[in-house]
1. Estimate the FRET efficiency between GLN152 and SER14 by the formula 1/(1 + (r/R0)^6), using the beta-carbon distance for r and 22 Å for R0, to the nearest 0.05.
2. Take the alpha carbon atoms of segment 9-57, find their center, do the same for segment 95-168, and report the distance between the two centers in whole angstrom.
3. Give me the 1.4 Å probe accessible area per residue for segment 89-191, excluding ligands and nucleic acids, in Å².
4. Carbon and sulfur together cover what percent of the accessible area of the chain at a 1.4 Å probe radius?
5. When the solvent-accessible surface of protein heavy atoms is calculated with a 1.4 angstrom probe, in what order do GLU58, GLU106 fall, highest first?
6. Pick from GLN102, GLN61, GLN113: which is most flexible by mean-square fluctuation in a GNM of the chain where alpha carbon atoms under 10 Å apart are linked?
7. Assuming R0 = 41 Å, what is the FRET efficiency of PHE60 and VAL172, from their Cβ-Cβ distance, to the nearest 0.05?
8. What do you get when you divide the Cα radius of gyration of the chain by 2.2 N^0.38 Å, with N the number of residues?
Amino acid sequence: MYICLEGIDGSGKSTQLELLGKWLENCGFTVTPIREPTDSPVGKLIRHMLQDPKAKEEGFQRTLALLFAADRTLLMDNILVEEGLKRIVISDRSFYSSLAYQNGEEWIAQINQHSLEPDLVILLDLEVETAIRRCDGTDSFEDADFLESVRQRYLKLAQQHSFMVVNANSGVNKIHSDIKRIVAPKLGMCI
């Protein structure tokens with residue numbers, strides 16, 4: 001199973017990925033956690049470029065979209081395709097992040113056509129003001145207007161693609177509990 005956590009910056013994806021992974025392992029599952037961008041050379045370039053104040057400009061966004069698609073292709077080849085079928089893969093982001101952040105659904109979908117569709121997408125929906133307080137201010141995407149537009153695109157994607165939406169304004173334990181309630185039945189488990 002391929003489970004993806006999505007949401008704006010500061011929504012708690014990394015924290016919930018770690019908690020979900022530990023819970024699943026404690027339940028006897030083999031888990032492969034992944035993050036986008038990856039630690040590949042392409043992923044490192046993406047992280048560096050995200051620090052640039054011009055990162056939100058349209059031309060820069062096209063370049064980032066292509067780099068994310070390339071990084072994701074490496075990920076699909078190395079983790080999801082070769083190993084993922086034997087275990088539960090949980091991901092901090094997927095191509096849906098590109099759809100939300102780069103805002104060009106048809107083109108983004110085309111360059112990510114070889115990406116594996118997650119079996120389950122959980123959107124951690126968070127108010128922008130809370131997200132900004134949680135972020136450390138080091139990347140150019142931590143801007144209220146931009147994050148609100150990304151949040152709205154995520155909510156639209158959630159409706160179009162049947163994401164499960166979790167209120168990420170709650171405490172860490174409540175969010176984790178909500179995620180477990182979504183994941184458990186998909187794996188034939190009771191909580």
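The values are calculated or read from the model by the stated rules, or taken from the named source; none is laboratory data. This is a predicted model, so every value here is computed, not measured. No Cβ is skipped: glycine too gets one built from the backbone with ideal geometry, and neighbour counts run over all protein chains shown. The protein model used for the area step is the full one, side chains on, heavy atoms only, and it has no ligands, DNA or RNA in it. Shrake-Rupley method; radii C 1.70, N 1.55, O 1.52, S 1.80 Å.
1. Numbers: r = 23 Å, r/R0 = 1.02.
After rounding, the FRET efficiency stands at 0.45.
2. Centre-to-centre distance over Cα atoms comes out at 13 Å.
3. Values: 5190 Å² over 103 residues.
Result: 50 Å² per residue.
4. Values: 4830 of 9530 Å².
Carbon with sulfur: 51 percent of the solvent-accessible area.
5. Numbers: GLU58 140, GLU106 160 Å².
If we order GLU58, GLU106 from most to least accessible, we get GLU106, GLU58.
6. Result for the chain, Cα springs under 10 Å: GLN113 fluctuates most.
7. On the way: r = 33 Å, r/R0 = 0.81.
Here the calculated transfer efficiency is 0.80.
8. Details: Rg = 15.9 Å, N = 191, 2.2 N^0.38 = 16.2 Å.
Compactness ratio reported: 0.98.
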